[in-house]
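Everything below concerns the one structure shown next.
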Amino acid sequence: MSRLIFLGPPGAGKGTQAKVLSESLGIPHISTGDLLRLSVQGKTLLGLEAKAFMDRGELVPDDLVLAMVRERLCQADAHLGWVLDGFPRNVSQAASLDTLLMELDQICETVVNLEVPDAVLVERMLSRGRKDDTEEVICRRLEVYREQTAPLIDFYRQRNQLVSINGDLPVEKVTDALKYAVATS
Ligand code: AMP
């Protein structure tokens, strides 16, 4: 049984690595960014509310994201374990996740932090050509990461849950390091 949280700046390769790892562990990959993009495409109420924040590179309000994560973690496949990618994104979301996991009688053992230098992040994001990845929005997303998400590194380090991985290596090398970290944590 594995439950993992993936931390790291936008462009660090969280999505790619979380997907590979979830497949090899046979547990769902739960990406709040993917779920939000699906809601935007589907023009659901959540999608309509979230879109403006996403277009600006800002975080979608906590209550909307938390309700979405709660619903997803209550689905049957998530009882086997999960890889959370893109959530929590600030300390308040991390506290809400603690409460939610207590309600669900689950514990998350490992928080993986993918480390990648800023210059590499910008280059990667510009080259993947996602619609929300214009240079201005990329810069804002990096700022939001530093202000709101990076404090989670210390938050989880103090709880001895943090494993840092060098994300500035070829994809397969990062995957190997992650698998090793998960197997030994
Ligand atoms: P991502 O694909 O994880 O980079 O997420 C894309 C966008 O979705 C972010 O820039 C935010 O606007 C929004 N988003 C994803 N996850 C969260 C979250 N946990 N809290 C708030 N907003 C989020």
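Here are some notes:
- When residues of the range 8-31 are limited to those that are out of contact with any Gly (no Cβ under 7 Å at 6 or more places or on another chain) and hydroxyl-bearing (Ser, Thr, Tyr), the one farthest from the ligand (Cβ to nearest atom): SER24
- Matching option when the condition is under 15 Å from LEU114 (Cβ atoms) and more than 14 Å from the ligand (Cβ to nearest atom), among LEU80, LEU4, LEU45: LEU4
- ALA67 in a helix (DSSP H, G or I), among the hydrophobic types (A, V, I, L, M, F, W, C), more than 10 Å from the ligand (Cβ to nearest atom) and in contact with a Lys or Arg (Cβ under 9 Å, 6 or more places away or on another chain): no
Each row is one residue, and each column tells you yes or no for (1) surrounded by fewer than 19 Cβ atoms within 10 Å (Cβ to Cβ); (2) part of a helix (DSSP H, G or I); (3) on the phi < 0 side of the Ramachandran plot.
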{"position": "SER39", "(1), (2), (3)": "no, yes, yes"}
{"position": "GLY47", "(1), (2), (3)": "yes, yes, yes"}
{"position": "ALA50", "(1), (2), (3)": "no, yes, yes"}
{"position": "GLU58", "(1), (2), (3)": "yes, no, yes"}
{"position": "GLU71", "(1), (2), (3)": "yes, yes, yes"}
{"position": "PRO88", "(1), (2), (3)": "no, no, yes"}
{"position": "SER92", "(1), (2), (3)": "yes, yes, yes"}
{"position": "VAL111", "(1), (2), (3)": "no, no, yes"}
{"position": "LEU121", "(1), (2), (3)": "no, yes, yes"}
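- From ASP98, ASP154, ASP176, residue being surrounded by fewer than 16 Cβ atoms within 10 Å (Cβ to Cβ), within 15 Å of the ligand (Cβ to nearest atom) and free of Cβ contacts under 8 Å to residues at least 40 places away in the same chain: ASP98
Residue-wise test of (1) at pLDDT 95 or above; (2) away from the ligand (no atom under 14 Å from the Cβ); (3) under 21 Å from GLN17 (Cβ atoms).
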{"residue": "GLU103", "(1), (2), (3)": "yes, yes, no"}
{"residue": "PRO117", "(1), (2), (3)": "no, yes, yes"}
{"residue": "GLU135", "(1), (2), (3)": "no, yes, no"}
{"residue": "LEU162", "(1), (2), (3)": "yes, yes, yes"}
{"residue": "ILE165", "(1), (2), (3)": "yes, yes, yes"}
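The values are calculated or read from the model by the stated rules, or taken from the named source; none is laboratory data. This one's a predicted model, so the numbers in the text were calculated from it and none came from an experiment. Note that each Cβ is placed from the backbone with ideal geometry, even for glycine, and that neighbours are counted across all protein chains shown.
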